[in-house]
Amino acid sequence: MDSKLRQWQLDIERIWQAPASDWREAARLADVMARTSPEVLLRHAAAQALPILRHAAAESGDPEITEAARRRLGIIREVLHTLTTPRFGRRDIPVKTLTPGERYRQLLGLPLDRRLTATEIHRAYKRVAKTAHPDAGGSAHEFQALSAAREALMKER
């Protein structure tokens, strides 16, 4: 289907770049996209653009209708560009949820990948508690969460 999206993109670009846009062809293309596209976003964009494109095809002389049709065609063009642009990296990988032990370690600023000593846990707790304590400008809830994290990590060890 990627080749179909690229073909539609080329057709839309051809209409977009033409000195006098062929609104009848644009309406036909939008109709095909609205009916057959597997991409929901493209189907919606094409279905919303279809009435104004048909109106522009019927009354090609009105500048307001022509401008509205051009804006709708631009939306379809942007959606096609988004769908056909290659994605690199790790953007579509779901975010890993942390276990309670990993959240406790993160809260205290401790590494996630190795065993911890009681001294490491205690030092990390003291370091973070200095700013989280209610007397030092922190909140009671935050301080209680730190204390619970320290206790859980000490038991886990």
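The values are calculated or read from the model by the stated rules, or taken from the named source; none is laboratory data. The model shown is predicted, which means the values in this text are computed figures rather than measured ones. Here the Cβ is made from the backbone with ideal geometry for all residues, glycine too, and neighbour counts use every protein chain on show. Just the protein is used for accessible areas: all its heavy atoms, side chains included, with ligands, DNA and RNA removed. Shrake-Rupley method; radii C 1.70, N 1.55, O 1.52, S 1.80 Å.
Observations on the structure shown:
- Under the span-like rule (Cα at least 27 Å along the axis, Kyte-Doolittle mean at least 1.0), DSSP H helices of the chain: none
- Surface composition of the chain: carbon plus sulfur atoms hold 53% of the accessible area, using a 1.4 angstrom probe and ignoring ligands, DNA and RNA.
- Lys, Arg +1 and Asp, Glu -1 on Cβ, resulting dipole of the range 1-86 about Cα centre, debye, nearest 20: 220
- Solvent-accessible area per residue, Å², over the range 1-85 with all protein chains present [probe radius 1.4 Å]: 58
- Solvent-accessible area of ARG54 with every protein chain in place, 1.4 Å probe, in Å² to the nearest 10: 130
- Full extension of the segment from HIS133 to LEU10, taken as 0.36 nm per residue of separation minus the current Cα-Cα distance, would add 38.2 nm.
- Between the range 1-16 and the range 112-157, the alpha-carbon center distance in angstrom: 57
- Calculated [θ] (222 nm, deg cm²/dmol) that DSSP helices of n ≥ 4 give over the chain, each run adding -39,500 (n - 2.57): -23500 deg cm²/dmol
- About its Cα centre, the range 19-157 has a charge dipole of approximately 940 debye under the convention of +1 per Lys or Arg Cβ and -1 per Asp or Glu Cβ, with nothing else charged.
- Its Cα gyration tensor gives the range 56-123 an equivalent ellipsoid. The semi-axes, each the square root of 5 times an eigenvalue, are 59, 13, 8 Å from largest down.
- Correct choice for semi-axes √(5λ) of the Cα gyration tensor in Å that was computed from the model, options [x] 30, 18, 14; [y] 61, 18, 12; [z] 34, 17, 14: [y]
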